[in-house]
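Some notes on the structure that comes next.
The values are calculated or read from the model by the stated rules, or taken from the named source; none is laboratory data. The structure displayed is predicted, hence computed values, not measured ones. Every residue, glycine as well, gets a Cβ built from its backbone with ideal geometry; the counts of neighbours run over all protein chains shown.
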């Protein structure tokens, strides 16, 4: 378990993390989301004792990281895949970590196999691609067979097979009862990997909870209707107090009534429908809604032209 209470970090005049409290429970994958500069990496560094909190506390397995007797056997972390000694081979890197932490060197072959690096075990790390470096970082995190795993953007640089492997690995680790804390900017992947989410913006927690609940609380599903009598249908819906948008000729979108009601109204008034679809809101929609006012580096003009169902929500 990871527990943060009143965790705060200030760098000069900049407040990077602002009095946040959260718990990451075992037996689940907890996703950590937020815009660039939101405080995700700083929080993870404080968990690992790499940055000292300005105020508050954070513990892993009930202790501060620095007080753990065998840290690598309690907590495994991938925070920076580039933090490697380039002249060493992958095997030498992992062997050095094993020896210095009292871990049997037989575990090196195990994690090389788990991460798919066996065939390049003798290759110097400086020749590794970003994706291979990510795999080696995960191998190091898994080396001590820890109960707590912390991964900061682990799928950066990975090909589709590697992305699926990270997802399956994280879920398998959680299924074994371990605590898995993972950050990512890929919302579609996080929606398939995480059980729970902590969303942060400008150093403050915006929301926490199960993925499905966060999506439901922050977004609304959109109903899309296509009809050769779209004008008549729009007038009918307006008479019922239902606001619609017209993203293209012959098509209406709305969020104020379910598809079943639209179909019933259309049938009762002899209006032909060619399409009646419910477009489910996504984690990406929820994320953008939650973090819209908490983005340090905004690209609002580009987002305004972004083709998505979110535009229909605001119509």
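If we keep just the residues of the range 83-102 that are assigned to a loop (DSSP other than H, G, I, E, B) and more than 31 Å from the chain's Cα centre (by Cα), which is modelled with the highest pLDDT?
Of everything passing the filter in the range 83-102, 102 is modelled with the highest pLDDT.
State which residue pairs qualify: first residue farther than 15 Å from residue 165 by Cβ and inside the range 103-122, second residue at pLDDT below 95 and assigned to a loop (DSSP other than H, G, I, E, B) in any location, beta carbons under 9 Å apart, and separation of 6 or more residues or different chains.
From the range 103-122, the pairs are 103/70; 108/121; 109/121; 120/128.
Here are some residues: 188, 183. Which one is in contact with a helix residue (DSSP H, G or I) (Cβ under 6 Å, 6 or more places away or on another chain), closer than 28 Å to residue 79 by Cβ and either crowded, with 16+ Cβ neighbours inside 10 Å or at pLDDT below 95 (or both)?
Details: 188 fails: in contact with a helix residue (DSSP H, G or I) (Cβ under 6 Å, 6 or more places away or on another chain).
It is 183.
Can you pull out every residue in the range 69-82 that is assigned to a loop (DSSP other than H, G, I, E, B), buried (at least 16 other Cβ atoms within 10 Å of the Cβ) and out of contact with any strand residue (DSSP E or B) (no Cβ under 8 Å at 6 or more places or on another chain)?
81, the sole residue that qualifies.
Restricting the search to the range 118-175, which residues are surrounded by 18 or more Cβ atoms within 10 Å (Cβ to Cβ) and in a strand (DSSP E or B)?
Of everything in the range 118-175, those that are surrounded by 18 or more Cβ atoms within 10 Å (Cβ to Cβ) and in a strand (DSSP E or B) turn out to be 148, 149, 150, 151, 152.
Please determine, by comparing only the residues of the range 5-43 that are farther than 24 Å from residue 289 by Cα and within 19 Å of the chain's Cα centre (by Cα), which one is surrounded by the most Cβ atoms within 10 Å (Cβ to Cβ). Write out each step before concluding.
Just the residues of the range 5-43 that are farther than 24 Å from residue 289 by Cα, to begin with: 5-14, 25-28.
Right, trim to within 19 Å of the chain's Cα centre (by Cα) and you get 25-28.
Values: 25: 13, 26: 16, 27: 13, 28: 19.
So, considering only residues that are farther than 24 Å from residue 289 by Cα and within 19 Å of the chain's Cα centre (by Cα), the one surrounded by the most Cβ atoms within 10 Å (Cβ to Cβ) is 28.
Name the residues in the range 200-216 that are in contact with a helix residue (DSSP H, G or I) (Cβ under 8 Å, 6 or more places away or on another chain) and either over 30 Å from residue 11 (Cα atoms) or not assigned by TED's automatic domain parsing to the domain that holds residue 188 (or both), would you?
Selection gives 211, 214, 215.
When you go through 66, 9 one by one, which is the residue that is part of a strand (DSSP E or B) and farther than 23 Å from residue 167 by Cβ?
Of the residues listed, the single one that is part of a strand (DSSP E or B) and farther than 23 Å from residue 167 by Cβ is 9.
Please find, among 141, 55, 61, the residue that is farther than 17 Å from residue 182 by Cβ, modelled with pLDDT of 95 or more and in contact with a strand residue (DSSP E or B) (Cβ under 7 Å, 6 or more places away or on another chain). Let's see the steps before the verdict.
Details: 141 fails: farther than 17 Å from residue 182 by Cβ; 61 fails: modelled with pLDDT of 95 or more.
Among 141, 55, 61, only 55 is farther than 17 Å from residue 182 by Cβ, modelled with pLDDT of 95 or more and in contact with a strand residue (DSSP E or B) (Cβ under 7 Å, 6 or more places away or on another chain).
Can you tell me how many residues within the range 27-49 are assigned to a loop (DSSP other than H, G, I, E, B) and farther than 23 Å from residue 177 by Cα?
Narrowing the range 27-49 to residues assigned to a loop (DSSP other than H, G, I, E, B): 27, 34-39, 48-49.
Filter again for farther than 23 Å from residue 177 by Cα, leaving 34-39, 49.
So the answer is 7.
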